[in-house]
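Scroll down for the structure; my scribbles are underneath it.
The values are calculated or read from the model by the stated rules, or taken from the named source; none is laboratory data. All values reported here derive from a predicted model rather than from experimental measurement. FYI the Cβ positions are ideal-geometry reconstructions off the backbone, even for glycines, and counts take in every protein chain you see.
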Amino acid sequence: MNTRNICGSLIILTFCLVIDGCYTSDLDVRRRDRYHITQEEINSVPQAETAWEILEFLRPNLLARDRRRHVGFTDGMDALVYINGARAGYKNRLHTIPAMDVFEIKYLDSIEAGGKYGFSSGGGVFLITMD
């Protein structure tokens, strides 16, 4: 092979590697969503008995978010919990939800939750989907 063919092949190979490195599948994007926990992730948690333990293992930062000071609030507020669309209480309710029944968990921060769930959602909202 001559030098021109080798250089051309290297350029094509480099281009392919760069393009492949930039590609992410939908599954990769969902897996990295810091506010959404999928069934696949939940199944990967060893020995979790409650929704709280799922969150402790996969997204511990979400359990601490509601006590942070928010713009317009002097004190942190407890996060709300909704199970299959019905209000179920506050964050401590996560201790009583069996992990084996949880299909997915979504978290809405105070700004996103405020429009839909009102002033009482100032600490955020955990949306739990159960089987």
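Okay, here's what the table says:
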{"read-out": "Hits in the range 86-131 (condition: free of Cβ contacts under 8 Å to residues at least 40 places away in the same chain, assigned to a loop (DSSP other than H, G, I, E, B) and more than 23 Å from N43 (Cβ to Cβ))", "value": "G118"}
{"read-out": "Residue check for T96: under 15 Å from T38 (Cβ atoms) and either surrounded by fewer than 18 Cβ atoms within 10 Å (Cβ to Cβ) or touching an Asp or Glu at 6+ places or on another chain (Cβ under 6 Å) (or both)", "value": "no"}
{"read-out": "Number of the condition not met by A79 [criteria: (1) modelled with pLDDT under 85; (2) within 18 Å of D109 (Cα to Cα)]", "value": "(1)"}
